[in-house]
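Data first, discussion second: the structure below is written as structure tokens.
The values are calculated or read from the model by the stated rules, or taken from the named source; none is laboratory data. Everything quoted here is computed from the prediction, not taken from an experiment. Cβ sites come from the backbone with ideal geometry, for glycine too, and all protein chains shown count toward neighbours.
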Amino acid sequence: MKVGILAGGLGTRLSEETVEKPKPMVEIGGMPIMWHIMMNYSHYGFRDFVIALGYKAEVIKKYMVDYCSLNSNLTVKIRQGDVQKHGGGYKPDWTVELIDTGLYTNTGGRIKRLAPYMGNETFMLTWGDGVSDININELLAFHRSHGKLATLTAVRPAARFGHLELDGDQIVEFSEKPQTREGWINGAFFVLEPKVFDYIAGDDTQWEKEPLEALARDGQLMAYKYSGFWQCMDTLRDKRRLESLWSSGNAPWKTWNEEEMVDESTSNGTQGLHRHGAGANVAS
């Protein structure tokens, strides 16, 4: 089953980081946030990715092309121009298709441009800037149980500002709890059937508008309510929160463990282990 990742937006609200790189390449713990997202899917056995590129597509292409070289030991024969890779760190067993979907294409248009690569079967979709500890297998089981065209993961994010409970001018409660009073929002992590492409008119279509609205009207959009950890990275404040969680060694979205990151393909018969936080020098 393919996993589509939208990675083409301009990331203007995180402009401190996105002048030089697209938002999915902004690093948490020395690795791009998109890597963290892909590691979560990979943990549940989903390793075929189709990435919709746009803004600074070349940065993501270079990262993927150079990944193996920069996480391997190399023997370089200068005269012949030969490069042999051996040993080194962890290299995930992923297949990644990198698809240029246009610099200014809207979200729906980017999704529609991925249609030829999705194999005409159920597929997953998410944004390249949000992490969660969601169990992907349970999400897929929910989707298959209802038989509709689309499942959207509904989440309750942490409050961006402290909530104040007032009695006149007296503050009787201050908290930074999940926004339970404001209800559920779209947390992405979709599971979709190929017929959803018919709901997208073209490049100018915003996925969150006409397609999802029409799917809802047709009774084809279901919500997988998830109360666990979810965090998007829209602003520098969001990035700092994620970085703090990762640095503490208590990042909720790190569903994979170190045993999963043993590379058994090293040519010298030894095992290379890439621990989180390593690889910060991977080209971006």
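Test Gly279 against the criterion of being surrounded by 12 or more Cβ atoms within 10 Å (Cβ to Cβ), modelled with pLDDT under 70, out of contact with any Leu (no Cβ under 7 Å at 6 or more places or on another chain) and of a type in the set (Gly, Ala, Ser), and give yes or no. Lay out the reasoning, then the answer.
On the way: surrounded by 12 or more Cβ atoms within 10 Å (Cβ to Cβ): yes; modelled with pLDDT under 70: yes; out of contact with any Leu (no Cβ under 7 Å at 6 or more places or on another chain): yes; of a type in the set (Gly, Ala, Ser): yes.
Yes, satisfied.
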Enumeration of residues in the stretch 101-123 that are at pLDDT below 95 and of a type in the set (A, V, I, L, M)
Leu103
Tally of residues being at pLDDT 95 or above, part of a helix (DSSP H, G or I) and either exposed (fewer than 13 other Cβ atoms within 10 Å of the Cβ) or in contact with a Gly (Cβ under 6 Å, 6 or more places away or on another chain) (or both) across the stretch 242-266:
3
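Residue check: is Ile99 in contact with a Gly (Cβ under 8 Å, 6 or more places away or on another chain) and either aromatic (Phe, Trp, Tyr) or touching a residue at least 12 places away in the same chain (Cβ under 8 Å) (or both)?
Details: in contact with a Gly (Cβ under 8 Å, 6 or more places away or on another chain): no; either aromatic (Phe, Trp, Tyr) or touching a residue at least 12 places away in the same chain (Cβ under 8 Å) (or both): yes.
In short, no.
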Counted residues, the stretch 217-238 - those being closer than 28 Å to Leu14 by Cα, touching a helix residue (DSSP H, G or I) at 6+ places or on another chain (Cβ under 7 Å) and hydroxyl-bearing (Ser, Thr, Tyr):
1
Unique residue being free of Cβ contacts under 8 Å to residues at least 40 places away in the same chain and in contact with a helix residue (DSSP H, G or I) (Cβ under 8 Å, 6 or more places away or on another chain) when the list is Ala214, Ala201
Ala214
Touching a residue at least 60 places away in the same chain (Cβ under 8 Å), surrounded by fewer than 21 Cβ atoms within 10 Å (Cβ to Cβ) and touching a Ser or Thr at 6+ places or on another chain (Cβ under 9 Å): does that describe Asn135?
yes
Can you find even one residue in the stretch 189-202 that is at pLDDT 95 or above, on the phi > 0 side of the Ramachandran plot, under 22 Å from the mean Cα position of the chain (by Cα) and crowded, with 19+ Cβ neighbours inside 10 Å?
yes
Return the residues of the stretch 1-50 that are under 16 Å from Thr105 (Cα atoms), touching a Pro at 6+ places or on another chain (Cβ under 8 Å) and modelled with pLDDT of 95 or more; say none if nothing qualifies.
Ile5, Ala7
Taking Gly4, is it surrounded by 21 or more Cβ atoms within 10 Å (Cβ to Cβ), on the phi < 0 side of the Ramachandran plot and small (Gly, Ala, Ser)?
yes
